[in-house]
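The values are calculated or read from the model by the stated rules, or taken from the named source; none is laboratory data. All of these numbers come straight from a predicted model, not from anything done at the bench. So basically every Cβ, Gly included, is an ideal-geometry build from the backbone, and we count neighbours across all protein chains shown.
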Amino acid sequence: MSITDLSPETLRELLSLAQQKQVLQTELTAIDARIAKFGISSPVPLPKAPSPNKKPVESHIKAPKLKRGGLKDAVIAALTGKPQGMSVPELAKATGAKATYLHVFLGKAEGFERVSRGMYALKS
């Protein structure tokens, strides 16, 4: 798109934005000069603004670290009262352990039974 294709409204808005930019650049130059008075050669870099295309990172609550032998107790506590069982990702969330580690643990540990694919419950 060339400048000749722009409407008069768009040209006025671009002119207004260019003037605002010039005012801000003048203020920035003055601020840089004030910072230079403190003996700092280059101003401190500003943090980058988040990209509008990126999703915000969901914060998650980190489960407390388990003591030795605590995984079995944590899995038992999570499965108590759930006769239908829980999926491994649900157990991972409830216990704070990694899902891959839980798969190995549940395959070897006694006291748990596989209800269906990826679902485990306490042995009755």
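Observations, loosely collected:
- Among the residues making up region 97-124, a single one is in a loop (DSSP other than H, G, I, E, B), at pLDDT 85 or above and either of a type in the set (Val, Ile, Thr) or surrounded by 15 or more Cβ atoms within 10 Å (Cβ to Cβ) (or both): 97.
- In the condition set (1) modelled with pLDDT of 85 or more; (2) in a loop (DSSP other than H, G, I, E, B); (3) polar (S, T, N, Q), residue 26 is compliant with all but (2).
- Some residue of region 1-13 being among the acidic types (Asp, Glu) and surrounded by fewer than 10 Cβ atoms within 10 Å (Cβ to Cβ): yes
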